[in-house]
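Following: one structure in structure tokens, then a few remarks.
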Amino acid sequence: MHISDFDFELPEALIAQQPSAERGGSRLLVALPGMAPADTLFAALPEYLNEGDVLVFNNTKVMKARLFGAKESGGRIEALIERVLDGSSALAHVRASKSPKAGTVLVFDGGIRAVMEAREGELFRLRFEGALSVYDILEQTGRLPLPPYIERAADDGDDERYQTVYAKHQGAVAAPTAGLHFTDALLQTLRNKGVRTAEVTLHVGAGTFQPVRVENIAEHKMHSEWFDVPPETVAAVEAAKQRGGRVWAVGTTSMRALESAARETGRLKAGTGDTDIFITPGYRFNVADRLITNFHLPKSTLLMLVSAFSGTAHIRSIYRHAVEQQYRFFSYGDAMLLGRQEDALS
């Protein structure tokens, strides 16, 4: 398939620059295959779930991954921590007038010092000096990394709103944005209805915002992200399927974790590791029956994923509807509910 198959026109005014006034106050576009789209509110989500269904959430937590400073020899720098390797080391994107060479000392705000040890592809391996762990350094000195299409600096409000209410494990540089709509009250409503919940971890990397730049998408090299699917989640998914319930992936990151863990045999297995799974039309899904997701960037791998899940023509139609109805797009935008296209064909 060609990259032009995944392009669309989006008025700039529809790119959400702020979250909704209240968490959970977004709109929801219900776009199940074979049905006319329905415009509703995210608060109406429980109406579409049944007792015995299971919702799978990504419990990753966004790091304050952006650091500012200068080379010890001079020259301003900005670092975006992509992955924490251990207590003192991390891989980072580094922006500078001249890329630092191995051995260069970087001095970040607050007097935090790090040595650039080596290049690893597009990333720089940094070793931080001092007694603080990398996570402690980021918490004390770092700034929240909002997506590049949000044209403002992060503020105190973002520290709360750009995290899910169930975030647990630090390691992401971007939020699993479908989860931002859930409130504690909505989760309780779902549980009261008999809906089960389960969790995976996938630490979202900065590559999630990168468009595909090759004409033939088969030539695209996918970025890698760390994931964990625990045994209790496998048990919850299997139990739901045995009782005839549906498995709901909350966000494309949850979907990628589930499909990565089912990649070898087609059955979900517990495990951890790195995944570079690239889901495009023609892929056969193994785990989830429903997907809750925000609207994605043109020419992005995530737009390809939702097209694979619900059908390319269906997604094109849904996106046209969303633009016409002035839904808010991207990380702080509205959500949609998708079904698997095989359901419409069966």
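Every number here is computed from the coordinates shown, using simple stated rules; none is lab data. Please read these numbers as outputs of a predicted model, since none were measured by experiment. So basically every Cβ, Gly included, is an ideal-geometry build from the backbone, and we count neighbours across all protein chains shown.
The GNM of the chain, with springs linking C-alpha atoms under 10 angstrom apart, assigns the highest mean-square fluctuation among 104, 183, 60 to 104. Calculated FRET efficiency, residue 193 to residue 139, Cβ-Cβ distance, R0 = 35 Å: about 0.45 to the nearest 0.05.
Across region 209-215, rounded Karplus estimates of 3J(HN,Hα) from the backbone phi angles (6.51 cos²θ - 1.76 cosθ + 1.60, θ = phi - 60°) give 8, 7, x, 6, 10, 9, 5 Hz, Gly and Pro being marked x. The calculated P(r) of region 66-141, using every Cα pair and 10 Å bins from 0, goes 21, 63, 16 in percent.
Taking 7 Å steps out from each Cα toward its Cβ at residue 117 and residue 286 produces label points 3.4 nm apart.
Take the Cβ atoms of residue 7 and residue 149, set R0 to 22 Å, and the FRET efficiency comes out at 0.90. Per-residue ellipticity at 222 nm computed for the chain from its helices equals -6000 deg cm²/dmol, with DSSP H segments shorter than 4 residues left out and the rest contributing -39,500 (n - 2.57). In terms of overall dimensions, region 111-210 has a Cα radius of gyration and Dmax of 17.1, 53 angstrom.
Quick one: divide the alpha-carbon radius of gyration of the chain by 2.2 N^0.38 Å and tell me what you get.
1.00
Cross-link pairs exceeding 30 Å in C-alpha to C-alpha distance, out of 64/241; 61/269; 101/269; 241/299; 193/299; 221/241, comprise 64/241; 101/269; 241/299; 193/299; 221/241. What FRET efficiency comes out for residue 85 versus residue 109 if R0 is 22 angstrom and r is the Cβ-Cβ distance? Round to the nearest 0.05. With R0 = 22 Å, the Cβ-Cβ based efficiency is 0.50. Amide H to amide H, with H built 1.01 Å from N, residue 271 comes under 5 Å of 229, counting only residues 5 or more places away or on other chains.
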